[in-house]
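Read the structure below first, then the notes.
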Amino acid sequence: MDTSSLFSLEGKTALVTGGSRGIGKMIAEGYIAQGAKVYISSRKADVCDAVAEELGPSCISLPQDVSTVAGCQMLAEAYAQHESSLDILVNNAGAAWGEPFEVFPEHGWDKVMDLNVKSLFFLTQALHNPLKSAASAGSPGKVINIASIDGLRINPWETYSYQASKAAVIQLTRRMSARLVKDHINVTAIAPGAFASEMNKAARDFGDAVGSSIPSGRIGHDEDMAAVAIYLAARSGDYVVGETIAVDGGVVYGHAADTISP
């Protein structure tokens with residue numbers, strides 16, 4: 001059994017949306033450390049460019065708003081100017097919205113569903129050919145969707161469209177995997193828990209307090225996220241299809257059910 005290159009990404013190309021901060025940046029940095037050439041995309045060009053420069057010559061900035069189908073197609077076209085094939089696509093760009101049920105707005109619903117669900121599907125569709133061209137039975141392509149544990153369980157906040165969108169990502173991952181595995185492309189998902197990021201300000205600003213309620217006793221580290229993303233992207237994940245992995249320190253699966261007395 002040769003495990004020496006099990007987690008290597010040498011010679012691979014990856015595209016990470018929302019790659020300029022938070023979970024996307026954690027994944028991009030991990031891929032670069034494993035030898036991949038990584039293209040990062042985000043809506044703000046100046047931030048995307050600065051982070052690509054920070055991460056080094058193996059990181060290339062492709063700024064683009066992918067909240068529309070046209071934006072997804074433009075990103076695919078921009079990528080095609082650099083590469084003819086794609087080994088790994090990480091659909092990480094996302095948004096959240098929280099307001100009380102009585103006043104939750106349509107634009108808050110649409111913004112989240114468009115970016116978190118619709119763009120994920122249509123960007124993968126736009127990059128289908130470069131993904132297929134790099135894939136084979138012995139070395140499948142990888143599409144990794146970033147869901148959330150909020151798609152697996154109810155959180156205490158009124159983030160209706162966000163929770164619906166992340167549950168949709170998990171089911172869409174399964175459906176896409178059933179189709180794309182025929183092209184030797186494995187579709188999987190990661191459901192993060194508490195990681196310090198702009199989207200999860202509580203974990204970022206009050207990490208110790210948030211961590212105290214997690215079975216593992218802490219919030220996630222950058223390496224925790226990078227490790228799972230590397231596992232799915234590398235040869236180590238070649239036989240994983242349609243699965244969603246919760247990376248949350250036990251929040252979803254590590255809590256014992258409360259006992260209800262008769």
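Taken together, the values in this text are just the output of simple stated rules run on the coordinates, not laboratory data. Since this is a predicted model, take the numbers as computed values, not measurements. Neighbour counts run over all protein chains shown; Cβ positions are idealised from the backbone, glycine included.
In plain terms, the chain from V69 to A45 could stretch by 6.7 nm, reckoned as 0.36 nm per residue minus the Cα-Cα distance. Measuring r between the beta carbons of S139 and F101 and using R0 = 45 Å, the FRET efficiency lands at 0.40.
Given an 8 Å cut-off on Cα distances and at least 6 residues of separation, report the relative contact order of the stretch 13-247 as a percent. The partial results should precede the final answer.
Values: 477 pairs, mean separation 46.3, N = 235.
Computed value for the stretch 13-247: 20 percent relative contact order.
Taking 0.36 nm per residue of separation and subtracting the Cα-Cα distance, what length does fully extending T3 through I154 add?
Contour length minus the Cα-Cα distance gives 50.5 nm.
Cross-link partners of K142 among lysines, defined as those whose alpha carbon lies under 28 angstrom from its own and excluding same-chain residues fewer than eight positions apart: K12, K25, K37, K44, K111, K118, K132, K166, K182.
Here the dipole of the chain is about 660 debye; that uses its Cα centre as origin and unit charges on the Cβ of Lys and Arg (positive) and Asp and Glu (negative).
Shape index of the chain: Rg/Rh, with Rg the Cα radius of gyration and Rh the Kirkwood radius from the inverse mean 1/r over Cα pairs, equals 0.97.
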